[in-house]
Amino acid sequence: MRSCGDCVACCIYLRIEDPELDKEGMRHCPHVATDEAEILGKRVCYTGRGCTIHEKKPKTCAGYQCEWLKGHGVDADRPDRCGILVDRSKGIENAIECKPLWDRAFDEPAGRSAIERISQSTGEPALVISFYERHLVRVVGRA
């Protein structure tokens, strides 16, 4: 069984539309304690001490699992290690969505490898999303 460990990428990246917590995407959750860290040579805040309201966090957060946490990929594919947060696509059935944690993380070797491994593991195509504009960059795998 995998655990998030120090990774808090979903606490920062995801948009949460919940009566208990209305948070825009790519905005730091007020309930997550992070430490600035250097990941793949970039200064980022996707590692930390976790949720400060963990025991009573909103259902949306409590029920969320990225594809790595579900068991896809290898240890190096944890979002804070590879720079890619992979989860279910909300717009396209039977696809995964790969969200870079910093600009062009999907072009770095760790990011490319994670996308390919997780796509292969799930058996679903990976929709690679850009960091700034939130548009499709490419599809990895077969549909």
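The values are calculated or read from the model by the stated rules, or taken from the named source; none is laboratory data. These figures come from a predicted structure and were not determined experimentally. For neighbour counting, all protein chains shown are included, and Cβ atoms are generated from backbone atoms with ideal geometry for every residue, glycine included. Only protein heavy atoms, including side chains, enter the accessible area calculation; ligands, DNA and RNA are left aside. Shrake-Rupley method; radii C 1.70, N 1.55, O 1.52, S 1.80 Å.
List of remarks:
- Considered as a group, the residues in the range 52-64 that are open to solvent by 70 Å² or more (accessible area, probe 1.4 Å) and in contact with a strand residue (DSSP E or B) (Cβ under 8 Å, 6 or more places away or on another chain) include one that is modelled with the highest pLDDT, and that residue is Lys59.
- Considering only residues in the range 77-110 that are touching a Leu at 6+ places or on another chain (Cβ under 9 Å) and of a type in the set (A, V, I, L, M), the one that is farthest from Arg2 (Cα to Cα) turns out to be Ile92.
- The single residue among Arg88, Arg49 that is at pLDDT below 85 and basic (Lys, Arg) turns out to be Arg49.
- The range 1-24, residues that are part of a loop (DSSP other than H, G, I, E, B) and open to solvent by less than 30 Å² (accessible area, probe 1.4 Å): Val8, Leu14
- Of all the numbered requirements in (1) modelled with pLDDT under 75; (2) open to solvent by less than 30 Å² (accessible area, probe 1.4 Å); (3) under 16 Å from Ile84 (Cβ atoms); (4) of a type outside the set (Phe, Trp, Tyr), Leu40 misses one, and that requirement is (2).
- Per-region count, the range 49-97, residues free of Cβ contacts under 8 Å to residues at least 40 places away in the same chain and among the hydroxyl-bearing types (Ser, Thr, Tyr): 2
- Here Asp80 meets the list (1) out of contact with any Ser or Thr (no Cβ under 8 Å at 6 or more places or on another chain); (2) surrounded by 18 or more Cβ atoms within 10 Å (Cβ to Cβ) almost entirely, failing just condition (1).
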